[in-house]
Amino acid sequence: MQIHQIGGLGFDSNIYLIIDEVIALIDAGTGMNFETVTRNMGKFNLKPNDIELLINTHCHYDHAGGDHDFVKAAGCEMAIHELEAELLRKGDQIIMLVGSLFGRKILEPIEVSRELREGDLIKLGELTLQVLHTPGHTAGSISLFEPNQQLLFSGDTIFSEGIGRVDLPTGNAEAIHNSIMRLAKLKVQKMYPGHGPITEENAHEHILKMAKIAFDLR
Ligand SMILES: [Zn+2]
Ligand SMILES: [Zn+2]
């Protein structure tokens, strides 16, 4: 099993390529750098049409804008939390922040084939990801936790340096507080956030530290 960060260019979210029995992507970036992302996949002898499953941590354009290209190339399964599936299907401009933050107004509807719920298990082979519903940054934000390897994909809920914004549509300060306190109880070694650097070890301590700073805990 391998995990590689192949995105993060410009406005793009981080894009995690998981090479396991199932080839999966976590988030797809804006789609504006699809050629670079494709080249990055090529380093591991993979092409966009090798992707079997694409998971969005939430509906924002910097994570979901690239979905269409991958689904078109690969016909892959596309998964997002049930609260945000409909937004992708109809290409909701406001919630996905297309015009306002990313300066691109056209969004093609994305066919969501799998709606995720709290507690769902996503079996990839060596890895089995647990779906944790962690609202706050958006109402349907999820984190993906792998308890055996102690890995956490945290989307825009918590980063290596800070926590997610709550001032965007469906954002909620109390909800993100509860979500981060929940993540702080997990045994996590490595954290893969939606933006910025990966926390390589002792991510649990790191999440606690971020929570203390953000919520002024004693
Ligand atoms: Zn983001
Ligand atoms: Zn976001």
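Quick look at the numbers
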read-out: Selection count where residues are of a type in the set (Ser, Thr, Tyr) and assigned to a strand (DSSP E or B), scope region 132-162; value: 2
read-out: Residue match in region 33-45 (condition: in contact with a strand residue (DSSP E or B) (Cβ under 7 Å, 6 or more places away or on another chain), touching a residue at least 24 places away in the same chain (Cβ under 8 Å), within 18 Å of Pro109 (Cβ to Cβ) and aliphatic (A, V, I, L, M)); value: no
read-out: All positions within region 48-72 that are more than 10 Å from ligand 2 (Cβ to nearest atom), in a helix (DSSP H, G or I) and either in contact with a Leu (Cβ under 8 Å, 6 or more places away or on another chain) or closer than 18 Å to Gly91 by Cβ (or both); value: Asp67, His68, Asp69, Phe70, Val71, Lys72
read-out: Any hit, region 89-102, residues being of a type in the set (S, T, N, Q), within 15 Å of ligand 1 (Cβ to nearest atom) and either touching a His at 6+ places or on another chain (Cβ under 7 Å) or not in a strand (DSSP E or B) (or both); value: yes
read-out: Subset tally (residues that are aliphatic (A, V, I, L, M), loosely packed, with under 15 Cβ neighbours inside 10 Å and in a loop (DSSP other than H, G, I, E, B)) for region 113-126; value: 0
read-out: Residue check for Thr128: farther than 15 Å from Tyr192 by Cβ and more than 16 Å from ligand 2 (Cβ to nearest atom); value: yes
read-out: Scan of region 127-137 for residues that are of a type outside the set (A, V, I, L, M, F, W, C) and either closer than 16 Å to Arg89 by Cβ or surrounded by fewer than 21 Cβ atoms within 10 Å (Cβ to Cβ) (or both), ordered by number; value: Thr128, Gln130, His133
read-out: Subset of region 1-50 [surrounded by 15 or more Cβ atoms within 10 Å (Cβ to Cβ) and among the small types (Gly, Ala, Ser)]; value: Gly7, Gly8, Ser13, Ala24, Ala28, Gly29, Gly31
read-out: Members of region 159-178 found to be within 12 Å of ligand 1 (Cβ to nearest atom) and closer than 22 Å to Leu54 by Cβ, listed by number; value: Phe159, Gly164
read-out: Criterion: more than 16 Å from His60 (Cα to Cα), in a strand (DSSP E or B) and either at pLDDT 95 or above or of a type outside the set (Ser, Thr, Tyr) (or both) - qualifying residue of Leu208, Leu129, Leu186; value: Leu129
read-out: Those residues of region 189-205 which are under 27 Å from Ala28 (Cβ atoms) and either within 16 Å of ligand 2 (Cβ to nearest atom) or not in a loop (DSSP other than H, G, I, E, B) (or both), in sequence order; value: Lys190, Met191, Tyr192, Pro193, Gly194, His195, Gly196, Thr199, Ala203
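The values are calculated or read from the model by the stated rules, or taken from the named source; none is laboratory data. All figures in this text were calculated on a predicted structure; none of them were measured in a lab. Cβ atoms come from the backbone with ideal geometry, glycine included; neighbour counts cover every protein chain shown.
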